[in-house]
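The values are calculated or read from the model by the stated rules, or taken from the named source; none is laboratory data. Source: prediction; values computed, not measured. Cβ sites come from the backbone with ideal geometry, for glycine too, and all protein chains shown count toward neighbours.
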Amino acid sequence: MAQLFKKIKRSVKQLRKPIDVFLFHAVSDEYDEKKYMLIDWSHTDDFKNHIHTLKSRYTFITLEEAYRKLNSILPRWRRYAVLTCDDGFASVLNILPFLEGEGIPITLFVNPKYLDGVSGRAGYAENQQYITHDQLWALTGSLVTVGMHGYEHDDVTKKTAEEFDWSVEKCKEILQSHPRYIPYYAYTGGRHNDLTQQILRQKGLVPVFVGSKLNKKFQDAIRRKPIDSFYWTMTLQKLL
Ligand SMILES: [Zn+2]
């Protein structure tokens, strides 16, 4: 009996297709090195082509729906995908109408420190490329959700427990008043450690990594694959 149960469990596991969670950053018609790092950028036409390619192979769902499915024991016959965008570059505003037309939900992971239209991240010569507070709060449609990317865009593995705790709380305090806020935390550069994981768990936040491991069921985080032009061919080859 135990053997039969194991066998059934194994076959159900095989029937559960992984959910691919994609990540991109800046999208614009022209590349400007003062505004974006090349690895974080896609040309608008390329981005749209990438999305069309993915749409022909996947059913796009929200991050929350993916989380529910990853926690469910039910089989998944279809290939599901989720689209996420990190850093809150204002360029995302240009492609939201396109995504809406395609019926694709998106989660924006932002650093609230830069929403004032003045502050910027270290290493960037110009900083007016971030979405502002008013622009972000104007996004109330059902296809957009807003998650956390830390208060600032920094390496959280270099922080003490108190510093990380402060950063998460500050980030949450600002973003949770957004009507489309979701309690998900995407680590900057995917960097994390046991301590940061423990703190997110205590706060009931869902961690989001970057990494090649498949999302078959929810374990310690949701893992994402970058689809910015720099990574596109590499990511596509592994997927299709
Ligand atoms: Zn980032």
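Key figures for this structure:
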| item | result |
| --- | --- |
| Counted residues, the range 11-63 - those being at pLDDT 95 or above, within 16 Å of the ligand (Cβ to nearest atom) and β-branched (Val, Ile, Thr) | 2 |
| Any chance Trp166 is more than 16 Å from the ligand (Cβ to nearest atom) and touching a residue at least 40 places away in the same chain (Cβ under 8 Å) | no |
| Subset of the range 89-117 that is touching a residue at least 60 places away in the same chain (Cβ under 8 Å) and outside any strand (DSSP E or B) - its residue that is surrounded by the fewest Cβ atoms within 10 Å (Cβ to Cβ) | Asn94 |
| Criterion (hydrophobic (A, V, I, L, M, F, W, C), over 23 Å from His52 (Cβ atoms) and crowded, with 22+ Cβ neighbours inside 10 Å) met by exactly one of Leu70, Leu136 | Leu136 |
| Top-ranked residue in the range 145-168 [being outside any strand (DSSP E or B) and in contact with a His (Cβ under 8 Å, 6 or more places away or on another chain); ranked as surrounded by the fewest Cβ atoms within 10 Å (Cβ to Cβ)] | Thr157 |
| Flag if Val82 is among the hydrophobic types (A, V, I, L, M, F, W, C), part of a loop (DSSP other than H, G, I, E, B) and either surrounded by fewer than 19 Cβ atoms within 10 Å (Cβ to Cβ) or modelled with pLDDT of 95 or more (or both) | no |
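Let's see how each residue does on (1) more than 16 Å from the ligand (Cβ to nearest atom); (2) at pLDDT below 95; (3) surrounded by 19 or more Cβ atoms within 10 Å (Cβ to Cβ):
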residue: Lys170; (1), (2), (3): yes, no, no
residue: Arg201; (1), (2), (3): yes, no, no
residue: Phe230; (1), (2), (3): no, yes, no
residue: Gln237; (1), (2), (3): yes, yes, no
residue: Leu240; (1), (2), (3): yes, yes, no
